[in-house]
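Student: One structure, pasted below without further comment.
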């Protein structure tokens, strides 16, 4: 019986995915990007700001003032690509504290001149826009903790799922507290999840301007104590996603869920996506950051074949990690230029087919673009945009015909310039640094080719020289 139920569950989850994909194939008028942002052309990051100290206080990793400085530096390192940054640990004493409530901003994060943390967060959200960055928050709609001001309400109103023996369902332990699974059906039917969302928007109406929010660990689970299937919980999960959208806010989430296609545009972990998923559902409709390396059975080759972005959260300097303020840009740039730049480029193309199997696969895209997994090469016609860990891609988000080049080793790259450079005779080369662009030198275009000297872990921007 359980096996049969599992098969039915999978079919129900997958049906929306293939229905939407078929609509896209058959009806070109179907909107591919109904969101507030083009997530497939946006660098989506998290920034971990605080966590509980276990003593009733908070450990601050990055306060609001430091967050803005890192956002400014990130904007320089990424050459002003559009960005969304979700703050992790903004509420109460930090990450995974006092859920299902999320109505207070951690006062330890404010600046000295702020009257309160809410004022500081609003300042950060407004100032970040100057750096091509939307700041929003990271919350949890799944878990309840017994130190929450809403705990007794959720117990009394039967808003927590149960085990077969009637005990409350525990799904993890964080910050020394058990995490209990919220029952999506009961919470929706009794109006409590709507109240939670509305209350958050009253506390922080600026979220409507941000237009996006990240929902952590949003997982549907069977409520065995009420004989309620995971499929039923997933249906109510979809209602909640639609409620966010009715408020003008895009819900993004942690784990890819096929049944949420058309409701969630972006996932932090893109595991469980298959090659067919990538081919049938375009990046404009659903995309993701990375494959979680902990899930060993994932088809990690898909990351290179179709492009993957970066997490970023693990690369920002802060008080609770071992990354120094002086050299964090090296690892950040390597991740961005070897992953996100290719991801941005490929996401603008139509996915056509994949030939071969295993490591011998080649993915084919529009514009005569081919991605070879075996030798880590990206071709555009007869041009190589990537060979191993040496890349030279158009920086298409800049709209200035510029190229970006990067390598993990010292080398001189011979690169055939794109057609848009047909009349270009010289190129200005800039070092990309967290303080801004630094002019290096001007080189000539000879035979429609550039000889680009690359130093290890140094990103370069190449811009056509229009001077006469």
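The values are calculated or read from the model by the stated rules, or taken from the named source; none is laboratory data. Note that this is a predicted model, so its numbers are computed, not measured. Positions of Cβ are generated from backbone atoms using ideal geometry, with glycine treated the same way; all protein chains shown enter the neighbour counts.
Student: Test residue 81 against the stated conditions and say whether it is within 20 Å of residue 320 (Cβ to Cβ), touching a helix residue (DSSP H, G or I) at 6+ places or on another chain (Cβ under 7 Å) and crowded, with 20+ Cβ neighbours inside 10 Å. First the steps, then the outcome.
Tutor: On the way: within 20 Å of residue 320 (Cβ to Cβ): no; touching a helix residue (DSSP H, G or I) at 6+ places or on another chain (Cβ under 7 Å): yes; crowded, with 20+ Cβ neighbours inside 10 Å: yes.
Here the answer is no, as residue 81 does not meet what is asked.
Student: I would also like to ask the following. Hey, among 232, 257, which residue is crowded, with 21+ Cβ neighbours inside 10 Å, in contact with a helix residue (DSSP H, G or I) (Cβ under 8 Å, 6 or more places away or on another chain) and either assigned by TED's automatic domain parsing to the domain that holds residue 142 or touching a residue at least 24 places away in the same chain (Cβ under 8 Å) (or both)?
Tutor: 257
Student: Another one. Mind counting the residues in segment 441-466 that are surrounded by 13 or more Cβ atoms within 10 Å (Cβ to Cβ) and modelled with pLDDT under 95?
Tutor: Qualifying residue count, segment 441-466: 2.
Student: From the set of residues in segment 308-338 that are under 14 Å from the mean Cα position of the chain (by Cα) and free of Cβ contacts under 8 Å to residues at least 40 places away in the same chain, which is surrounded by the most Cβ atoms within 10 Å (Cβ to Cβ)? Steps first, answer last, please.
Tutor: Narrowing segment 308-338 to residues under 14 Å from the mean Cα position of the chain (by Cα): 308-314, 335-336.
Cutting the leftovers down to free of Cβ contacts under 8 Å to residues at least 40 places away in the same chain gives us 308, 314, 335.
Details: 308: 21, 314: 13, 335: 17.
Checking each candidate, the answer is 308.
Student: Hey, another quick one. Please enumerate the residues belonging to segment 378-435 that are in a strand (DSSP E or B), in contact with a helix residue (DSSP H, G or I) (Cβ under 9 Å, 6 or more places away or on another chain) and surrounded by fewer than 17 Cβ atoms within 10 Å (Cβ to Cβ).
Tutor: 433, the sole residue that qualifies.
Student: Here are the criteria: (1) surrounded by fewer than 20 Cβ atoms within 10 Å (Cβ to Cβ); (2) touching a residue at least 60 places away in the same chain (Cβ under 8 Å); (3) in contact with a helix residue (DSSP H, G or I) (Cβ under 8 Å, 6 or more places away or on another chain); (4) under 30 Å from residue 57 (Cα atoms). Tell me which single one residue 210 does not satisfy.
Tutor: Only one criterion in (1) surrounded by fewer than 20 Cβ atoms within 10 Å (Cβ to Cβ); (2) touching a residue at least 60 places away in the same chain (Cβ under 8 Å); (3) in contact with a helix residue (DSSP H, G or I) (Cβ under 8 Å, 6 or more places away or on another chain); (4) under 30 Å from residue 57 (Cα atoms) is unmet by residue 210, namely (1).
Student: I'd like the residue in segment 45-92 that is part of a helix (DSSP H, G or I) and touching a strand residue (DSSP E or B) at 6+ places or on another chain (Cβ under 8 Å) and, out of all such residues, is nearest to residue 122 (Cα to Cα).
Tutor: The extreme case among them is 67.
Student: Can you tell me how many residues in segment 100-148 are under 23 Å from the mean Cα position of the chain (by Cα) and assigned to a strand (DSSP E or B)?
Tutor: The qualifying residues number 10.
Student: Sticking with this one: Any residue at all in segment 161-175 that is at negative phi, in the same structural domain as residue 90 (by TED's automatic domain parsing), touching a strand residue (DSSP E or B) at 6+ places or on another chain (Cβ under 8 Å) and part of a helix (DSSP H, G or I)?
Tutor: No, every residue in segment 161-175 fails to be at negative phi, in the same structural domain as residue 90 (by TED's automatic domain parsing), touching a strand residue (DSSP E or B) at 6+ places or on another chain (Cβ under 8 Å) and part of a helix (DSSP H, G or I).
Student: On the basis of being surrounded by 22 or more Cβ atoms within 10 Å (Cβ to Cβ), more than 30 Å from residue 61 (Cβ to Cβ) and not assigned by TED's automatic domain parsing to the domain that holds residue 275, does residue 345 make the cut? Before the answer, list the steps.
Tutor: Details: surrounded by 22 or more Cβ atoms within 10 Å (Cβ to Cβ): yes; more than 30 Å from residue 61 (Cβ to Cβ): yes; not assigned by TED's automatic domain parsing to the domain that holds residue 275: yes.
When the stated conditions are applied, residue 345 passes them.
Student: Taking segment 189-202, which residues are part of a helix (DSSP H, G or I) and loosely packed, with under 14 Cβ neighbours inside 10 Å?
Tutor: The answer is 189, 195, 198, 199, 202.
The rows are residues; the columns are (1) in contact with a helix residue (DSSP H, G or I) (Cβ under 6 Å, 6 or more places away or on another chain); (2) surrounded by 20 or more Cβ atoms within 10 Å (Cβ to Cβ); (3) over 21 Å from residue 194 (Cα atoms); (4) at pLDDT 95 or above.
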residue: 251; (1), (2), (3), (4): yes, yes, no, yes
residue: 272; (1), (2), (3), (4): no, no, yes, no
residue: 276; (1), (2), (3), (4): no, no, yes, yes
residue: 279; (1), (2), (3), (4): no, no, yes, yes
residue: 288; (1), (2), (3), (4): no, yes, yes, no
residue: 292; (1), (2), (3), (4): no, no, yes, no
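Student: Continuing with the same structure: Regarding residue 304, is this residue closer than 15 Å to residue 376 by Cα and touching a helix residue (DSSP H, G or I) at 6+ places or on another chain (Cβ under 9 Å)?
Tutor: Yes, satisfied.
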